[in-house]
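Inspection log for the structure reproduced underneath, given as structure tokens.
The values are calculated or read from the model by the stated rules, or taken from the named source; none is laboratory data. All values derive from a computational prediction rather than experimental measurement. Positions of Cβ are generated from backbone atoms using ideal geometry, with glycine treated the same way; all protein chains shown enter the neighbour counts.
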Amino acid sequence: AQTVTQSQPEMSVQEAETVTLSCTYDTSESDYYLFWYKQPPSRQMILVIRQEAYKQQNATENRFSVNFQKAAKSFSLKISDSQLGDAAMYFCAYRRLMNYGGSQGNLIFGKGTKLSVKP
Amino acid sequence: GAGVSQSPSNKVTEKGKDVELRCDPISGHTALYWYRQRLGQGLEFLIYFQGNSAPDKSGLPSDRFSAERTGESVSTLTIQRTQQEDSAVYLCASSLGVLAVNEQFFGPGTRLTVL
């Protein structure tokens with residue numbers, strides 16, 4: 001079974017600075033998707049960034065980028081120029097591909113990292 | 001708005017009572033997922049619907065939990081004889097299909113408190 005581990009329960013960053021959130025995962029599969037979701041106090045899960053495992057190039061979305069190390073099974077999220085609105089819980093998630101037997105496409109989540117942004 | 005909606009937003013119930021949670025997916029989304037988020041935890045998969053296929057109930061924690069979906073529209077998650085350990089936020093997500101490229105859009109969740 002696949003597992004996702006986020007070892008930082010809480011992180012803090014100064015406004016305009018850069019912060020990196022860590023995520024490791026365990027799988028025996030060679031192809032899959034990885035995600036970072038943001039959950040503000042409103043509880044709404046918002047997709048931040050997605051990475052396909054077969055792509056070597058790290059995904060980037062504006063101020064958000066990932067460092068995907070497939071061999072190390074590591075998937076960290078870097079937030080540049082942090083803003084007050086970035087304060088939230090961040091969840092790393094894994095998704096199997098449908099061509100693997102028994103997969104229903106559900107997301108497997110880590111326990112999350114609470115990010116605080118100081119003005 | 002055209003997003004996923006859930007009702008009620010909050011539900012407080014007494015131990016032993018039954019509760020029903022509702023999810024309205026985005027129109028046209030064939031796949032629907034229910035997740036549970038306990039305090040301080042990540043989301044746990046509960047159940048999945050895809051079109052008219054039989055649902056995948058592999059994540060349901062006990063036979064007190066059940067869910068239904070009418071075609072490709074509304075879904076209800078029912079918890080019978082609620083227990084205190086059922087207290088959590090229940091989140092629903094929908095997507096165009098089940099491929100990994102199909103983004104899952106989440107609703108705001110229902111916070112269930114069992115006294």
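In table form, for the structure just shown:
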read-out: Residue within the stretch B:27-47 that is of a type in the set (A, V, I, L, M) and either more than 20 Å from A:Phe109 (Cα to Cα) or more than 14 Å from chain A (Cβ to nearest Cβ) (or both) present; value: no
read-out: Counted residues, the stretch B:48-84 - those being facing another protein chain (nearest Cβ under 9 Å) and either among the β-branched types (Val, Ile, Thr) or under 17 Å from B:Thr13 (Cβ atoms) (or both); value: 0
read-out: Residue in the stretch B:52-68 that is among the small types (Gly, Ala, Ser) and on the phi > 0 side of the Ramachandran plot present; value: no
read-out: Residue within the stretch B:85-97 that is assigned to a loop (DSSP other than H, G, I, E, B), more than 10 Å from every other protein chain (Cβ to nearest Cβ) and more than 17 Å from B:Leu21 (Cα to Cα) present; value: yes
read-out: Selected residue [modelled with pLDDT of 95 or more, closer than 16 Å to B:Gln41 by Cα and not acidic (Asp, Glu)] from A:Phe68, A:Phe75, A:Phe91, A:Phe35; value: A:Phe91
read-out: Residues being surrounded by fewer than 17 Cβ atoms within 10 Å (Cβ to Cβ) and more than 13 Å from the chain's Cα centre (by Cα) - total across the stretch B:25-60; value: 11
read-out: Candidate set: the stretch A:28-43, residues that are under 16 Å from the mean Cα position of the chain (by Cα) and buried (at least 18 other Cβ atoms within 10 Å of the Cβ); chosen: the one farthest from the other protein chains (Cβ to nearest Cβ); value: A:Trp36
read-out: Evaluation of B:Cys23 against (1) under 24 Å from A:Lys38 (Cβ atoms); (2) more than 11 Å from chain A (Cβ to nearest Cβ); (3) not in a strand (DSSP E or B) (one fails), failing number; value: (3)
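Okay, residues lined up against (1) closer than 30 Å to A:Glu10 by Cβ; (2) assigned to a loop (DSSP other than H, G, I, E, B):
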{"site": "B:Tyr48", "(1), (2)": "no, no"}
{"site": "B:Ala54", "(1), (2)": "no, yes"}
{"site": "B:Pro61", "(1), (2)": "yes, yes"}
{"site": "B:Glu72", "(1), (2)": "no, yes"}
{"site": "B:Thr82", "(1), (2)": "no, yes"}
